[in-house]
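A.B. asks: Handing you a structure now.
The values are calculated or read from the model by the stated rules, or taken from the named source; none is laboratory data. Computed from a prediction, not measured in an experiment: that's the story for all the values here. Ideal geometry is used to build each Cβ from the backbone, glycine not excepted, and the neighbour counts take in all protein chains shown.
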Amino acid sequence: MLLKINPNRMELLRLKKRLIVAKRGYKLLKDKRDALIQVFVRLAKENNEVREELEEKLLKCYTIFSNVSSLMSKMTLEETLMFPKAKSRTEVSFKNIMSVNVPQYKFKCEGKYYSYSLVETTAELDSALKKYHEILPLMLKVAELDKSITLLAYEIEKTRRRVNALEYVIIPDLEETIKFITMKLDEMARSTNSAIMRIKEIIRA
């Protein structure tokens, strides 16, 4: 589609500069999109692997804890786990991937998660709590990967739209307008030359 501008040499030079910038921007955005897709695929694969590991460990935890529930009464189990001594927290930082700030979660635990008398409880409870303690970092890793993948998917889509706009709209419009102005200027130049030739012929006559 032709841009609404005056067909003169100043506009032609300006459009040619815009075309150079647009083509350079198109290449950079295309490279960025391709790099983002590579990272996205890698994180998606890692996410599937970590999620499978987490689900497997969770299943084992549920099985062990189910055994604990059958060996201890509900009231005793609730009283045992009522006052935990361990304190956990999550440290959040960010990593820049191709101008996308993706989160990184780090699990921190202070104190012992055994907050009960070992005499009145079963060994299965100790094992269940240990397993649950071990999977908390995995749960954070899954959350980290899920959020990173979501952010990257949004950035990929945004970059893809920009690449398509440059490739199918902006660059073709600039090229078409440059071609139109060039033809107009050539036509004006031919008309001017014809007029000059006629004036010369008249003068000679």
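A.B. asks: Can you go through S117, S148, S88 and tell me which one is touching a Cys at 6+ places or on another chain (Cβ under 7 Å), hydroxyl-bearing (S, T, Y) and either at pLDDT below 90 or buried (at least 16 other Cβ atoms within 10 Å of the Cβ) (or both)? Can you show your working first?
C.D. replies: Working: S117 fails: touching a Cys at 6+ places or on another chain (Cβ under 7 Å); S148 fails: touching a Cys at 6+ places or on another chain (Cβ under 7 Å).
Residue meeting the stated conditions: S88.
A.B. asks: Could you pull out the residue among L54, L77, L29, L59 that is modelled with pLDDT of 75 or more, in a helix (DSSP H, G or I), within 23 Å of M139 (Cβ to Cβ) and in contact with a Leu (Cβ under 9 Å, 6 or more places away or on another chain)?
C.D. replies: L54
A.B. asks: Further, regarding this structure: Considering each residue of the stretch 99-109, count those that are modelled with pLDDT of 85 or more and either touching a helix residue (DSSP H, G or I) at 6+ places or on another chain (Cβ under 7 Å) or among the aliphatic types (A, V, I, L, M) (or both), and give that number.
C.D. replies: Going through the stretch 99-109, the residues modelled with pLDDT of 85 or more turn out to be 99-106.
Within this subset, residues satisfying the condition of being either touching a helix residue (DSSP H, G or I) at 6+ places or on another chain (Cβ under 7 Å) or among the aliphatic types (A, V, I, L, M) (or both) are 100, 102-105.
Qualifying residue count for the region: 5.
A.B. asks: Kindly indicate which of A22, A44 is under 30 Å from E134 (Cα atoms) and at pLDDT 90 or above. Break it down into steps so the answer makes sense when it comes.
C.D. replies: Values: A22 fails: under 30 Å from E134 (Cα atoms).
Answer to the selection: A44.
A.B. asks: Given the criterion modelled with pLDDT under 85 and in a helix (DSSP H, G or I), identify the matching residue among K112, K130, K179. Before you say what the answer is, go through the steps one by one.
C.D. replies: On the way: K112 fails: in a helix (DSSP H, G or I); K179 fails: modelled with pLDDT under 85.
K130 is the lone residue from the list that is modelled with pLDDT under 85 and in a helix (DSSP H, G or I).
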